[in-house]
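Engineer: I'd like to ask some things about the structure below.
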Amino acid sequence: MLKRVEAIFEERFAGSPTHLARAPGRVNLIGEHTDYNDLPVFPMAIQREVRLAVRPRDDGRVVLHAADPTFPTVEFELLPGIPPDPPGHWGNYVRAPANQLARRFAAWRGFDGVLASDVPVAAGLASSSAIVTAVGLALAHINEVAVEERAFAELLAEAERYTGTRGGGMDQAISLAARQGCAAKVSFAPLRLVHVPLPADWTFVVADTGVRVEKSGPAQKAYNLRRQECEEAFGRVVEEVVESGLTRTTPSSYPDLLRLLGPQRTLDVAEDVLGGNLLRRFRHVITEATRVEEAVDRLRSADLTGFGTLMDASHGSLRTDFLMSSAELDELTAIAREGGAAGARLTGAGLGGCIVALADRQSVDGVLETIVSEYYEARKAAADLDTKLFVAAPAAGASFQAIR
């Protein structure tokens, strides 16, 4: 991929790039729709990544070509208040970190660049956040902006909301700070990562349903609505907790509420004051946070069966309580389990995109073969399988370096 972006750079800019930024995609093993509620998630970075070859300019212009010609060139002036491209345009993921760095640190120096990526697009693997991370890292280095890693991840998460999606901070944190060979429990407010090595015989299979989900496009309304519902449900539960005198202090966040009452008592209160969608959303958030904590313990003890059971429960909750699954996601998780997976769930925000399935080294081939025959071949969609189906390798986080 590096040779490709260098060749395109030389063709476009009549010279060579000086630096390379890279940022991986991620697969979330468990903990969906909890990060924007300041509750933990458990993702890992993957071997699929964004690569950005750049050459600093002496002015504030950013000119970025995509190696994929279906994505138009992005060009703008680096300054606070950068006007956005139309909703859903990939250029907004380039403008987002630029706008934030210009606003927060008076970054002024732009670059010429070429970007290539093998992270599947609109598949729930954080391809867009990998762009935000790579561009943000490049601009920070070019403008000599020095920010501690966790603070920079929080800055990038805030930056990405420029696109209109009210997401959390999982994607930027794991793309920036992952460690090779590990998953990471990511907690929030404040951001912190606990890296957990993966057992040598565990494999995580990623399979794409083929249903694209543009989180800054048509799916944005559903994602933002879920966050709004979570906030409303939390507010109503806190009102009841305070009025009933269940705590001496007013809970300020979901983690605070859980620390004060514990999961079961929190759910009991919710069942008294919530109903319908608000109760379902709240129940998913609380039980999913509990599953994350249990999943970390299962991984540390190499309990493959226990971890798989938690993945299944997570998918069920996303299907019935959070209503973010789909017929294709449900079918593909069932096929993975039929092939021998210990557990399977949707990964990413849902409505389409990918699943992740857990298997050991002895059973992974059966899982892969069953998915190919019963999902892709049944749909006559077995072409380009390497872009749709792969075993995720836990990768290192983002980097920026000179090109020799």
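Engineer: Test Ala359 against the stated conditions and say whether it is crowded, with 18+ Cβ neighbours inside 10 Å, more than 27 Å from Lys215 (Cα to Cα), out of contact with any Pro (no Cβ under 9 Å at 6 or more places or on another chain) and in contact (Cβ under 8 Å) with a residue 40 or more places away in the chain.
Structural biologist: Details: crowded, with 18+ Cβ neighbours inside 10 Å: yes; more than 27 Å from Lys215 (Cα to Cα): yes; out of contact with any Pro (no Cβ under 9 Å at 6 or more places or on another chain): yes; in contact (Cβ under 8 Å) with a residue 40 or more places away in the chain: yes.
Yes; evaluated as a whole, the condition is true for this residue.
Engineer: Name the residue that is surrounded by the fewest Cβ atoms within 10 Å (Cβ to Cβ), counting only residues in the range 373-396 that are in a loop (DSSP other than H, G, I, E, B) and not aliphatic (A, V, I, L, M). Working first, answer last.
Structural biologist: Of all residues in the range 373-396, those in a loop (DSSP other than H, G, I, E, B) come to 377-384, 393-396.
Filter again for not aliphatic (A, V, I, L, M), leaving 377, 379-380, 384, 394.
Details: Glu377: 12, Arg379: 11, Lys380: 7, Asp384: 9, Pro394: 25.
Applying the filter and picking the extreme gives Lys380.
Engineer: Continuing with this model, one more query. With the requirement that a residue be in contact with a Leu (Cβ under 7 Å, 6 or more places away or on another chain) and touching a residue at least 40 places away in the same chain (Cβ under 8 Å), what does the range 74-95 give you? Steps first, please.
Structural biologist: Here is the first cut: in the range 74-95, the ones in contact with a Leu (Cβ under 7 Å, 6 or more places away or on another chain) are 74, 94.
Within the range 74-95, just Val94 meets the criteria.
Engineer: I would also like to ask the following. Residues in the range 264-277: is at least one open to solvent by 10 Å² or more (accessible area, probe 1.4 Å) and under 25 Å from the mean Cα position of the chain (by Cα)?
Structural biologist: Yes; the residues of the range 264-277 include at least one that is open to solvent by 10 Å² or more (accessible area, probe 1.4 Å) and under 25 Å from the mean Cα position of the chain (by Cα).
Engineer: I'm checking my understanding of the structure. Among residues of the range 178-212 that are among the charged types (D, E, K, R) and not in a loop (DSSP other than H, G, I, E, B), which one is farthest from Arg150 (Cα to Cα)?
Structural biologist: Taking the range 178-212 first, the residues among the charged types (D, E, K, R) are 179, 185, 192, 201, 208, 212.
Retained after the next criterion (residues that are not in a loop (DSSP other than H, G, I, E, B)): 185, 192, 208.
On the way: Lys185: 14, Arg192: 7, Asp208: 30 Å.
If we take residues in the range 178-212 being among the charged types (D, E, K, R) and not in a loop (DSSP other than H, G, I, E, B), then Asp208 is farthest from Arg150 (Cα to Cα).
Engineer: Does at least one position in the range 62-70 carry a residue that is over 30 Å from Phe390 (Cα atoms), more than 21 Å from the chain's Cα centre (by Cα) and of a type outside the set (Gly, Ala, Ser)? Let's see the steps before the verdict.
Structural biologist: Of the range 62-70, the ones over 30 Å from Phe390 (Cα atoms) are 62-63.
In the following step, the residues that additionally are more than 21 Å from the chain's Cα centre (by Cα) were identified as 62-63.
Keeping just the survivors that are of a type outside the set (Gly, Ala, Ser) gives 62-63.
Scanning the range 62-70 turns up at least one residue that is over 30 Å from Phe390 (Cα atoms), more than 21 Å from the chain's Cα centre (by Cα) and of a type outside the set (Gly, Ala, Ser).
Engineer: I need the strands (runs of 3 or more DSSP E) fully contained in the range 5-112, keeping only those with at least 1 residues that are at pLDDT below 95 and in contact with a Ser or Thr (Cβ under 8 Å, 6 or more places away or on another chain). Walk me through how you get there before you give the answer.
Structural biologist: On the way: elements: 19-30, 42-56, 61-66, 74-77.
Ranges flagged: none.
Engineer: Here's a check for you: in the range 299-313, which residue that is assigned to a loop (DSSP other than H, G, I, E, B) and without any contact (Cβ under 8 Å) to a residue 24 or more places away in the chain is surrounded by the fewest Cβ atoms within 10 Å (Cβ to Cβ)? Write out each step before concluding.
Structural biologist: We begin by selecting, within the range 299-313, every residue assigned to a loop (DSSP other than H, G, I, E, B); these are 301-303.
In the following step, the residues that additionally are without any contact (Cβ under 8 Å) to a residue 24 or more places away in the chain were identified as 301, 303.
Details: Ser301: 11, Asp303: 17.
Once the filter is applied, the top-ranked residue is Ser301.
Engineer: Here's a follow-up. On the given criteria, is Arg283 buried (at least 17 other Cβ atoms within 10 Å of the Cβ) and either at pLDDT below 95 or within 30 Å of Cys182 (Cα to Cα) (or both)?
Structural biologist: Working: buried (at least 17 other Cβ atoms within 10 Å of the Cβ): yes; either at pLDDT below 95 or within 30 Å of Cys182 (Cα to Cα) (or both): yes.
So Arg283 fits the description; yes.
Engineer: Just one of (1) β-branched (Val, Ile, Thr); (2) crowded, with 24+ Cβ neighbours inside 10 Å; (3) more than 26 Å from Ala7 (Cβ to Cβ) trips up Val54, so point out which.
Structural biologist: Checking Val54 against (1) β-branched (Val, Ile, Thr); (2) crowded, with 24+ Cβ neighbours inside 10 Å; (3) more than 26 Å from Ala7 (Cβ to Cβ), the one that fails is (3).
Engineer: Among the residues of the range 120-150, count how many are of a type in the set (Asp, Glu) and part of a helix (DSSP H, G or I).
Structural biologist: Of all residues in the range 120-150, those of a type in the set (Asp, Glu) come to 144, 148-149.
Filter again for part of a helix (DSSP H, G or I), leaving 149.
Going through the range 120-150 one residue at a time, the tally reaches 1.
Engineer: Which ones in the range 226-248 are open to solvent by 70 Å² or more (accessible area, probe 1.4 Å) and within 21 Å of Gly168 (Cα to Cα)?
Structural biologist: Hits for the range 226-248 are Gln228, Glu231, Glu232.
Engineer: Taking Ser187 as the residue in question, decide whether it is within 15 Å of the chain's Cα centre (by Cα), modelled with pLDDT under 95 and small (Gly, Ala, Ser).
Structural biologist: Values: within 15 Å of the chain's Cα centre (by Cα): yes; modelled with pLDDT under 95: no; small (Gly, Ala, Ser): yes.
Considered against the rule, which asks whether it is within 15 Å of the chain's Cα centre (by Cα), modelled with pLDDT under 95 and small (Gly, Ala, Ser), Ser187 comes out as no.
The values are calculated or read from the model by the stated rules, or taken from the named source; none is laboratory data. Computed from a prediction, not measured in an experiment: that's the story for all the values here. Positions of Cβ are backbone-derived with ideal geometry, glycine not excepted, and every protein chain shown enters the neighbour counts. Keep in mind that these areas ignore ligands, DNA and RNA; they rest on the heavy atoms of the full protein, side chains included. Shrake-Rupley method; radii C 1.70, N 1.55, O 1.52, S 1.80 Å.
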